[in-house]
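To keep things clear, I will list the structure first and then write my remarks on it.
The values are calculated or read from the model by the stated rules, or taken from the named source; none is laboratory data. The structure presented is a predicted model; accordingly, all values stated were derived computationally and were not measured. Counting neighbours? That spans all protein chains shown, and the Cβs are built from the backbone with ideal geometry, glycine included. Just the protein is used for accessible areas: all its heavy atoms, side chains included, with ligands, DNA and RNA removed. Shrake-Rupley method; radii C 1.70, N 1.55, O 1.52, S 1.80 Å.
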Amino acid sequence: LAGNAPVDISRVMIKVGTIKEVGKHPDADALYVEKIDLGEDGGPRTVVSGLVKHYPLEEMQNRRVLVVCNLKPAKMRGVESQGMVLCATGEDGKVEFVEPPEGVPNGERVLFPGYTDVAGIADPESPFMHPKKKMWEAVQVDLAVSGGVATYKGVPFGTTGGACRPRSVPSGEIR
């Protein structure tokens, strides 16, 4: 199944997390290094994000975020990033985190009705999406904010607490 399964959002593992620690990258002014609790046994993951010009350090601390967990780890200026935080970019260029609803536990997978709940569906690529297959790139183009809600091909990012959304961006891209 995995070889012939469609490349869609079901192949992507997006989880709810909380930024537990954050600091400036030692060698890159535009990057933060975050420790994000994703409810995993191995403890928080290190994620590097280019958000310095969009969020002051103190607004990053304890932020609830969505993390793409099955991208191949990548070194960013010498620090290994083990995921990617999802942000919305409004038409005015404003960048905001896509946030889970209150009360959703760290580690919960974000689900997409019609994609992640279909019988015979491919499991998310594990441990990560093969970079040469460009799966994330194929899926990411269909992520958007519509009516203030994060969507994939019009289907809301779903959790047990409801849909995920940026705080104020009404429409735009997600990346």
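Does the stretch 34-53 hold any residues that are open to solvent by less than 30 Å² (accessible area, probe 1.4 Å) and in contact (Cβ under 8 Å) with a residue 12 or more places away in the chain, and which are they?
Scanning the stretch 34-53 gives E34, I36, L38, T46, V47, V48, S49, L51.
So if I check each of V169, V145, which one is part of a strand (DSSP E or B), open to solvent by less than 30 Å² (accessible area, probe 1.4 Å) and over 13 Å from I9 (Cα atoms)?
Selected residue: V145, the only one of V169, V145 that is part of a strand (DSSP E or B), open to solvent by less than 30 Å² (accessible area, probe 1.4 Å) and over 13 Å from I9 (Cα atoms).
Which members of the stretch 8-25 meet the condition of being open to solvent by less than 70 Å² (accessible area, probe 1.4 Å), of a type outside the set (S, T, Y) and either outside any loop (DSSP other than H, G, I, E, B) or in contact with a helix residue (DSSP H, G or I) (Cβ under 9 Å, 6 or more places away or on another chain) (or both)?
Passing the criteria: D8, I9, R11, V12, I14, K15, V16, G17, I19, V22, G23, H25.
Exactly one condition in (1) out of contact with any Ser or Thr (no Cβ under 7 Å at 6 or more places or on another chain); (2) without any contact (Cβ under 8 Å) to a residue 12 or more places away in the chain is false for A74; which is it?
(1)
Quick check on the stretch 89-103. Is at least one of its residues closer than 23 Å to P170 by Cβ, aliphatic (A, V, I, L, M) and in a strand (DSSP E or B)? Working first, answer last.
Step one: filter the stretch 89-103 for residues closer than 23 Å to P170 by Cβ, giving 89-102.
So of that shortlist, the ones also aliphatic (A, V, I, L, M) come out as 95, 98.
Now restrict to residues that are in a strand (DSSP E or B): 95.
Yes, the conditions are met somewhere in the stretch 89-103.
Please work out which one of (1) over 14 Å from the mean Cα position of the chain (by Cα); (2) small (G, A, S); (3) surrounded by fewer than 16 Cβ atoms within 10 Å (Cβ to Cβ) is the condition A28 fails and give its number.
Status for A28: all satisfied but (3).
Which one is most open to solvent (accessible area, probe 1.4 Å), of the residues in the stretch 57-90 that are touching a His at 6+ places or on another chain (Cβ under 9 Å) and under 15 Å from H25 (Cα atoms)?
Once the filter is applied, the top-ranked residue is R77.
So which residues in the stretch 36-52 are assigned to a strand (DSSP E or B) and under 26 Å from G93 (Cα atoms), if there are any at all?
I36, V47, V48, S49
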